[in-house]
Amino acid sequence: MSDTRSSAAPATGLAGDARTAAAGGSAAGVPRPGLPAPDAPAGPPPDGVPAAAGPTRPDPAAGRARLEEMRIRCLGVIEDAAVELSPGFTVVTGETGAGKTMVVTSLGLLLGGKADPALVRSGADRAVVEGRIVLPPDHPAARRAEDAGAELDDGELLVSRTIVAEGRSRAHVGGRSAPVGLLAELSEDLIAVHGQTDQQRLLQPARQRGALDRFAGAAVARPLARYAAAYRRLREVAAELAELTERARERVQEADMLRFGLEEVAAAEPQPGEDVALAAEAERLGHADALRTAASGAHALLVGDPAATDPELTEAVTLVGQARRALEAVAGHDPKLAGFAERLGEVGYLLSDVATDLAGYVDGVEADPLRLAAVEERRAVLAGLSRKYGENTDEVIAWAERAAARLAELEGDDDRIGALGAERDGLRAELASLAEEVSRARAEAAERFGAAVTEELRELAMPHARVSVALTQTEDPDDGLEVGGRLLAFGPAGVDEVELLLAPHPGAPPRPIAKGASGGELSRVMLAVEVVFAGADPVPTYLFDEVDAGVGGKAAVEVGRRLARLARTSQVVVVTHLPQVAAFADRHLVVRKSVDGTVTSSGVVALDEAERVSELSRMLAGLEDSELGRAHAEELLRTARADA
């Protein structure tokens, strides 16, 4: 089976609203079949039963992320069910086979879990699970969803998962088709699931270390912040050092080439614009005879040639002068001719000036083979430079300036390598000292944490279990930090690996909690861990499935009490068969079978006070109307209220 994306959102329910939002409409205000609109006051559940009554607690939802509701269609035994969750403690109960597990399965699908086509209800072509999550604007999940193109409507994110009977799976986030992996990413910062087959979050060593650090408080946070800053700088220094040393041969070769080029340019001493000036001089020297002949002839035509033998040849200056005088003779009769005469006078002066300049030019132009050879030789030198370093002399000079700067940089690399090496050694020494301080603080916090969880387990029917925190380090003789006389591998969080260990009974060796406990025990261990961590490592929503497995009597009451304690800071959803646990809930949902064995849209209902007593009585005595059972149920509710 594979998970694929589709641009089409499901047509009904929350995901249908998501589609509306993506099209520009407001999903938040659209009423849903069997569900109140998000901005409407809380109304009766789908079958008209009043909302559940529970222990009175301060609203824990203010400013926090939470899962507000789910809609389940054609999943397992559930045909159509709406699940509205309390921001505090919600409990889900029901007879065996009624579909309680499908609530957990549905949430798992919204978390990006594996989609099994066998979950699709018999006779249906697809199963759909939709959820509405309330997210503060600065929540990491909100930022990640928006980065993926999802839209939040008034702080609400609509997510959905569709499983097609043929085996395909689709996900939608904020009205847009999305990869299933995005759901899993979002869930990391939203929900912690603890059940027989699905223990998440705190089973990850990196999460355990982060949670322990937050539990330790400032004793770890302060040195760890300094460590992290020094570690980042060490990585920068190491990267620069590696680049400089790895490219040492290339840098030497580059420096040699630059020196050769600079020496060649310095030997030639090119001047700005020199190549252009030499080209013009070479052109003039190469045609000196033709230039002199042309200039001499033009001079003769302007002012005459004393050596001329043609008496009829009259120079231009003389002719212009004659024309001017002819006009001046009659200019008194017509002022217009006086103007012409004046202009001819100006022409005469101009011709005389040109003739004088031509005479000087003729005297200055002479064939000089030696000078022409010198010019051509210089041009060849400049052309050689231009072929290597630029298109012309000006570009060659600019290249030389850049090359000199680069050579100075390369020649300074040796000094830079030395400075970086010294800084690296200093940073490693600082990191070693800080890592040792962090490790000591973690070890002290680990002792306190292990004792606190062990104490919690005594009240959860695990009196002989002992939880401890193992801090281990890995030897790294090649590149490790010297901490306490050992060379240890290190990373951005120090030198420690953190793992929670459980010894379920005396004589049993401590093992990782995922391996040292049975399914039911593991849920209780994780409950104890979450209760202890709650203040330091809060998670918006916790889901516990079968946390009460193998528990009864007083221990069951303690389980309920601790779940209620956890609900003071987070949203808690519990699937249980124990009335002692259910009595502590703020909202009590029951999954009921219809006559034909299905669960319809009215099959998941929120119970009012009287119905809670009946349901707790059924869970206690197997009979809803048992007087003894009802009395016991009422006593459980009073106990829960007293604790609240």
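The values are calculated or read from the model by the stated rules, or taken from the named source; none is laboratory data. Note that this is a predicted model, so its numbers are computed, not measured. So basically every Cβ, Gly included, is an ideal-geometry build from the backbone, and we count neighbours across all protein chains shown. Please note that ligands, DNA and RNA were not included when accessible areas were found on the heavy atoms of the full protein model with its side chains. Shrake-Rupley method; radii C 1.70, N 1.55, O 1.52, S 1.80 Å.
Please verify whether E342 is surrounded by 13 or more Cβ atoms within 10 Å (Cβ to Cβ), in the same structural domain as V303 (by the TED database) and in a helix (DSSP H, G or I), treating the condition exactly as stated.
Taking the combined requirement at face value, the residue satisfies it.
Quick one: which of G535, G552, G560, G507 is over 31 Å from the mean Cα position of the chain (by Cα), modelled with pLDDT under 80 and not aromatic (F, W, Y)?
That would be G552, the only listed residue that is over 31 Å from the mean Cα position of the chain (by Cα), modelled with pLDDT under 80 and not aromatic (F, W, Y).
Is it the case, given these coordinates, that D363 is of a type outside the set (S, T, N, Q) and more than 30 Å from E240 (Cα to Cα)?
For D363, the condition - of a type outside the set (S, T, N, Q) and more than 30 Å from E240 (Cα to Cα) - is met.
So, in segment 618-632, how many residues would count as being part of a loop (DSSP other than H, G, I, E, B) and either surrounded by 13 or more Cβ atoms within 10 Å (Cβ to Cβ) or aromatic (F, W, Y) (or both)?
3
Of all residues in segment 475-515, count the ones that are surrounded by 21 or more Cβ atoms within 10 Å (Cβ to Cβ) and part of a helix (DSSP H, G or I).
1
In segment 140-172, what count of residues is obtained for those that are over 23 Å from G76 (Cβ atoms), without any contact (Cβ under 8 Å) to a residue 60 or more places away in the chain and assigned to a strand (DSSP E or B)?
Summing the residues that are over 23 Å from G76 (Cβ atoms), without any contact (Cβ under 8 Å) to a residue 60 or more places away in the chain and assigned to a strand (DSSP E or B) in segment 140-172 gives 1.
Which one is farthest from E609 (Cα to Cα) among residues in segment 576-596 that are touching a residue at least 12 places away in the same chain (Cβ under 8 Å) and either polar (S, T, N, Q) or open to solvent by 10 Å² or more (accessible area, probe 1.4 Å) (or both)?
Here the residue is K593.
Those residues that are assigned to a helix (DSSP H, G or I) and without any contact (Cβ under 8 Å) to a residue 12 or more places away in the chain, I need them from segment 233-247; list them, please.
R235, E236, A239, A242, E243, E246
Test V91 against the criterion of being modelled with pLDDT of 85 or more, touching a Lys or Arg at 6+ places or on another chain (Cβ under 8 Å) and more than 28 Å from D125 (Cβ to Cβ), and give yes or no.
Judged against the criteria, V91 is a match.
Inspect segment 446-457 for any residue being more than 17 Å from L500 (Cα to Cα) and surrounded by 13 or more Cβ atoms within 10 Å (Cβ to Cβ) and give the result as yes or no.
No, that holds for no residue.
Has segment 222-243 got at least one residue that is within 30 Å of V396 (Cα to Cα) and either in contact with a helix residue (DSSP H, G or I) (Cβ under 6 Å, 6 or more places away or on another chain) or among the β-branched types (V, I, T) (or both)?
Scanning segment 222-243, I find no residue that is within 30 Å of V396 (Cα to Cα) and either in contact with a helix residue (DSSP H, G or I) (Cβ under 6 Å, 6 or more places away or on another chain) or among the β-branched types (V, I, T) (or both), so the answer is no.
If I go through segment 516-530 residue by residue, how many of them are crowded, with 20+ Cβ neighbours inside 10 Å, modelled with pLDDT under 80 and either assigned by the TED database to the domain that holds V551 or in a helix (DSSP H, G or I) (or both)?
Count: 8.
Being of a type in the set (D, E, K, R) and either free of Cβ contacts under 8 Å to residues at least 40 places away in the same chain or open to solvent by less than 40 Å² (accessible area, probe 1.4 Å) (or both) is the filter here, so list the residues in segment 251-274 that pass it.
Residues satisfying the conditions are R251, D256, E263, E269, E274.
Give segment 276-297 a look and list any residue that's of a type in the set (D, E, K, R), farther than 30 Å from V396 by Cα and open to solvent by less than 70 Å² (accessible area, probe 1.4 Å), or say none.
R292
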